[in-house]
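Down below is the structure, laid out as structure tokens.
The values are calculated or read from the model by the stated rules, or taken from the named source; none is laboratory data. Here the structure is a predicted model, which means the values were calculated and not measured. Here the Cβ is made from the backbone with ideal geometry for all residues, glycine too, and neighbour counts use every protein chain on show.
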């Protein structure tokens, strides 16, 4: 019996519109239709996001619930909304704390602006390590977003690295939080990180 030789898979050509000359502007990017969910614009190029692990989603759920529950009047927490930072930058933080004015602006809104965001949070996944540790924090800092958090996984538990913007528009570390996140900025916050697998109450 002779084993059948299967043809090698052929990759379909990438449409030319994915790489327009000079890249996309934020204005053109925000008008595109039919893009995969959570596509971002970084330096004028489209960034496609791989399907996320369940752990990633659970961490986001916990943070949004607690940050919104503990937020003072005038601030709200929201998950996975694009933020227009400049002419070629439209990243999507996993979680953001925004002004209540921005939150109530319009249910048809597809993005916020840098000035709307008080805190940007990235939950690191295997395909986003470099973006979440370097590229996106740099963009957030240049846009003047005051606070940034990065969440990494350690044995199934989240570890939160907190940062604040300094005078030269770079982030300075303010703490590393393992089982409990207790912070006074951007407002008094206390989150039991061990509850990442529990149902928010």
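Residues satisfying the criterion are present in region 53-60 (criterion: within 13 Å of the chain's Cα centre (by Cα) and surrounded by fewer than 17 Cβ atoms within 10 Å (Cβ to Cβ)).
Given the options 190, 116, 132, name the one that is at pLDDT 95 or above and exposed (fewer than 15 other Cβ atoms within 10 Å of the Cβ). Before the answer, list the steps.
Values: 116 fails: exposed (fewer than 15 other Cβ atoms within 10 Å of the Cβ); 132 fails: exposed (fewer than 15 other Cβ atoms within 10 Å of the Cβ).
From the options 190, 116, 132, the qualifying one is 190.
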